Amino acid sequence: MIDQTEALTQVSRPSRYIGGELGSICKAGPGIDVRMVLAFPDVYEVGMSHIGFPILYNILNSLDWVAAERVYAPWGDMEEWLREQKKPLCSLESSRPLAQFDIVGFTLQYELSYTNLLGMLDLAGIPLRREQRDMYAPLVVAGGPCAYNPEPLAAFIDVALIGDGEEAVVELVELVRQAKTNNWTRAQLLEELSRRDGFYIPEFFQVEHHIDGEIAAIVPLKKDYSKVRRRFLEDLETAPFPTRPIIPFMQTVHNRVALEIARGCTRGCRFCQAGYIYRPVRERSPEKIRELIAESLENSGYEEISLLSLSSGDYSCIEPLLKQLMSEHAEDRVAVSLPSLRVGSLTPELMEEVKKVRKTGFTLAPEAGSERLRELINKGISAEDLLETTGSAYQFGWRLIKLYFMMGLPTETDEDLQAIIELSAQVKRSGKGTGGNDVNVAVSTFVPKPHTPFQWEAQIGIEETLAKQKLLRDGLRQKKLRFKYHEAELSFLEGTFARGDRRLATVLERAVELGCRFDGWREHFDFAKWQQAFADCAIDPAWYLRQRREDEILPWDHIDCGLPKSFFIDERNKAFAGGATLDCRDGDCHGCGVCDFDDLRMRLTPLSSGDESSTGVTENPEQKQKEDQFTRVRLRLSKLGRARMVGHLEYLKMFQRAASRARLPLRFSQGFHPMPKISYLEALPMGVSSEAELIDLELLYPIPIDQVIESLNVQLPEGFKITEGKLIPWKSPSPSASIVASCYLVPLPENIPGDLEERIHNDLSAEQVLISRIKKGREERIDIRPDLIALSLIDGKLSIELKKGSPLLVATRLLDMDVEAVRRLGVHKTGIVLK
């Protein structure tokens, strides 16, 4: 195992790399037959918000003989440290190098993460191209929506998993186990995988090109393996879902209980890849949803529930479900959110429920400004529908509405763009007289995706994108509307790889050599490097944005998403003829071909399912308690090992959620966002360990102190521990106001100043001790003498006693070191002196 502790004091956001989160699983010792690392090619806080990752993690770890761990793309500073120190990329759980796993499984959500995938393999010491890897190298597998066109990555992956992964990933590890037991060659393992639905083996296909780059043929090299059929999960109701989530230390993109209430969508928006590749619709019952949410909240301490699907408002029992959840969890002050709302599914009753918990912006996606274009993309909403919904939203109390549109759609003209401006202005006017009517308008560039009716269409280039953005910017500014957009170069690159082929492998390799990483992040994206990579490989990226012929062989034609190409052609023709395809949820089947109407079919929840009644919002529990029962508890906590790298704000949130999971009767503040009444000491500097942190809890009624300590320690992650506790008077000073002094020990480096003892004496004798520090990017001088109580040398360590402030600043002055060098020494807080 590789020790990367030193790196944690040298990188930003070290909690990305420390592991040990509550809910994480680290299997050690004998009995593990297969080790798989789940790899997300983006930073920790993005990957930890992805709902599929924890599902697979828990499925795999539920098998006694499988150890599943995690790894995320390291940020630039960590990658630099790994390369300088010649250290390999390792997993979070056991710090095992990726090259020592049997399987490295990547989740691909976005084309602009491809360079991160290659960068992670390179950091792990795993050869990029599959033909360069020997039989001892891990099997490199990719899944997720981008796997539906895996061709740009075909040279780098051994297997692409197409479709739902819950059952397929178990078959994958079972076959790898058999391969290890029976000493199969890599070729034998791939052969066995190819016999099962959902496993695409790139080396079993040969792609031939015409001289102009167009594909001449996709030649199967294995009998009876001409197409790879997508893997389907037949029933979401019985599908496994982790109710003991991993609780991150840091704030992630989506830090909440996220539950998939339905998979699939039948609206048939012609630009939407997800609407086709996740068919048919499969819903969970309200009873199952409520059960899973209750368990997840109990095990997480989260304050928000997010009900996920491609269109949450279309869920058959959404109104009674919302009422039930809000009633059941109001006492715990848990909010319920619906991230994906659609104009056609928003009834006044649903908006009435949503408004109780959704306090921020109200987001809608008309996608196109003109009625003509909305009909062409089969959006199925009118301007009247939209304005009725936004008017109601303003009436219900929302002050901000966010509108999402696309530009560059097939047949679009400047009149269609003007329609975006006018419709957005109408939305603003629909809120007139309601007390607030702000509108944000976000417009992305249309990127044609595989397995959609628009997969043949052209994508607009950079110059045309910029011109359209200028038209919109100028027009929306005149209407006093805020405008957000995607960078033209980013959309250009996304479109190139979305419909790319195997020839792009050389471009990806070259881009990685040039330093391209995190291309979806504005601060990292460097289009000049990409232009150089394309030029060096003699490939014109604009060629991939062209319109395709319907009889042309597409790079993904051998990937069967469950819907035939003929269906997409019919939908495309219907689009240009102005025809609508109705939602088959409520109407006739329109023959997309995905259902077999036996095992694989639409699974909807009957409207009568569950209790539709709501008991209303539960009375505030504090109203039931008498003030003389309120109790205050003071706890002492140690913060050791890797826990010392958890930042102060992360520490506060971690403890708050631990207290929630411990089911302590916490008092809450009043107002718009009630918070538990918990008080802490001033922030401990990052990297400083401690045996003496104080925390005060306000409880609604007294409970035995031993019970408080025991219930909290069960819920605290590794490195944090309550060491003692006691009841204190209700009006006691806060923890910070109770402290006279804090005591620290700083291990001395090998080379210390020869006059260190004299420096200590001078500082203690001085009336003023000025030091420099950087705050908010600016240098400032501060006097630390008023807070300095004592300094001494004890057994090769510098002892510092302070009223308040950072021991790091004191040590930097005395030892002639910078703050980060002192942090790496391992400063330790040994105790506190109470008043």
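The values are calculated or read from the model by the stated rules, or taken from the named source; none is laboratory data. Keep in mind the model is a prediction, meaning the values are calculated, not measured. We place every Cβ from the backbone using ideal geometry, glycine too, and count neighbours over all the protein chains shown. Accessible surface is based on the protein model in full, side chains and every heavy atom, while ligands, DNA and RNA are left aside. Shrake-Rupley method; radii C 1.70, N 1.55, O 1.52, S 1.80 Å.
The table below gives the values:
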quantity: Residue in the stretch 707-719 that is assigned to a strand (DSSP E or B), within 23 Å of Leu684 (Cβ to Cβ) and of a type in the set (A, V, I, L, M, F, W, C) present; calculated: no
quantity: Of all residues in the stretch 250-262 being assigned to a loop (DSSP other than H, G, I, E, B) and more than 14 Å from Val43 (Cβ to Cβ), the one that is least open to solvent (accessible area, probe 1.4 Å); calculated: Ile261
quantity: Lone unmet requirement of (1) open to solvent by less than 30 Å² (accessible area, probe 1.4 Å); (2) closer than 26 Å to Tyr278 by Cα; (3) assigned to a loop (DSSP other than H, G, I, E, B) for Ile55; calculated: (3)
quantity: Filter result for the condition that a residue is crowded, with 22+ Cβ neighbours inside 10 Å and either at negative phi or in contact (Cβ under 8 Å) with a residue 60 or more places away in the chain (or both), over Ala67, Ala28; calculated: Ala67
quantity: Qualifying residue in the stretch 374-386 (condition: modelled with pLDDT under 95, open to solvent by 30 Å² or more (accessible area, probe 1.4 Å) and closer than 15 Å to Arg482 by Cα); calculated: no
quantity: Considering residues of the stretch 782-835 that are of a type in the set (Ser, Thr, Tyr) and modelled with pLDDT of 95 or more only, the residue surrounded by the most Cβ atoms within 10 Å (Cβ to Cβ); calculated: Ser799
quantity: Test set (1) in contact with a Pro (Cβ under 8 Å, 6 or more places away or on another chain); (2) open to solvent by less than 40 Å² (accessible area, probe 1.4 Å) - Asp416 fails condition number; calculated: (1)
quantity: Subset tally (residues that are within 20 Å of Ser736 (Cβ to Cβ) and among the charged types (D, E, K, R)) for the stretch 794-835; calculated: 5
quantity: Test: residue in the stretch 170-190 that is free of Cβ contacts under 8 Å to residues at least 60 places away in the same chain, in a loop (DSSP other than H, G, I, E, B) and open to solvent by less than 40 Å² (accessible area, probe 1.4 Å); calculated: no
quantity: Selection status of Glu283, more than 16 Å from Ile247 (Cβ to Cβ), touching a residue at least 40 places away in the same chain (Cβ under 8 Å) and surrounded by fewer than 19 Cβ atoms within 10 Å (Cβ to Cβ); calculated: no
quantity: Selected residue (only one of Lys227, Lys223 is modelled with pLDDT under 95, open to solvent by 10 Å² or more (accessible area, probe 1.4 Å) and farther than 30 Å from Pro717 by Cβ); calculated: Lys223
quantity: Hits in the stretch 205-249 - residues which are in a strand (DSSP E or B) and aromatic (Phe, Trp, Tyr); calculated: Phe205
quantity: Close pairs from the stretch 360-380: first within 16 Å of Asp414 (Cβ to Cβ), partner at pLDDT 95 or above and in a strand (DSSP E or B), Cβ under 7 Å, at least 6 apart; calculated: Ala368/Phe405; Ala368/Met406; Gly369/Phe405
quantity: Condition met for Ala659 (in contact with a helix residue (DSSP H, G or I) (Cβ under 9 Å, 6 or more places away or on another chain) and open to solvent by 30 Å² or more (accessible area, probe 1.4 Å)); calculated: no
quantity: Identity of the residue in the stretch 455-476, more than 30 Å from Leu153 (Cα to Cα) and small (Gly, Ala, Ser), that ends up least open to solvent (accessible area, probe 1.4 Å); calculated: Gly475
quantity: Test: residue in the stretch 730-738 that is surrounded by fewer than 14 Cβ atoms within 10 Å (Cβ to Cβ) and under 25 Å from Leu798 (Cβ atoms); calculated: yes
quantity: 1 or more residues in contact with a Phe, Trp or Tyr (Cβ under 8 Å, 6 or more places away or on another chain) and of a type in the set (Val, Ile, Thr): qualifying strands (runs of 3 or more DSSP E) within the stretch 754-833; calculated: 797-802
quantity: Some residue of the stretch 389-408 being of a type in the set (Phe, Trp, Tyr), under 32 Å from the mean Cα position of the chain (by Cα) and assigned to a helix (DSSP H, G or I); calculated: yes
quantity: Residue check for Lys479: in contact (Cβ under 8 Å) with a residue 40 or more places away in the chain, over 22 Å from Gln547 (Cβ atoms) and open to solvent by 40 Å² or more (accessible area, probe 1.4 Å); calculated: yes
quantity: Pairs with Cβ under 6 Å, 6+ apart, first in the stretch 1-23 and in contact (Cβ under 8 Å) with a residue 12 or more places away in the chain, second assigned to a helix (DSSP H, G or I) and open to solvent by 50 Å² or more (accessible area, probe 1.4 Å); calculated: Ile18/Arg642; Gly20/Arg642
quantity: Index of the failed condition, Glu489 passing every other in (1) farther than 23 Å from Tyr148 by Cβ; (2) over 25 Å from the mean Cα position of the chain (by Cα); (3) of a type outside the set (Lys, Arg); (4) not in a loop (DSSP other than H, G, I, E, B); calculated: (2)
quantity: Residue under evaluation Gln670, criteria (1) in a loop (DSSP other than H, G, I, E, B); (2) open to solvent by less than 60 Å² (accessible area, probe 1.4 Å); (3) out of contact with any strand residue (DSSP E or B) (no Cβ under 9 Å at 6 or more places or on another chain), criterion not met; calculated: (2)
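Here's the yes/no breakdown for (1) among the basic types (Lys, Arg); (2) farther than 30 Å from His209 by Cα; (3) part of a helix (DSSP H, G or I); (4) in contact with a Gly (Cβ under 6 Å, 6 or more places away or on another chain):
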{"site": "Leu476", "(1), (2), (3), (4)": "no, yes, yes, no"}
{"site": "Thr506", "(1), (2), (3), (4)": "no, no, yes, no"}
{"site": "Gly515", "(1), (2), (3), (4)": "no, no, no, no"}
{"site": "Asp519", "(1), (2), (3), (4)": "no, no, no, no"}
{"site": "Glu523", "(1), (2), (3), (4)": "no, yes, no, no"}
{"site": "Gln532", "(1), (2), (3), (4)": "no, no, yes, no"}
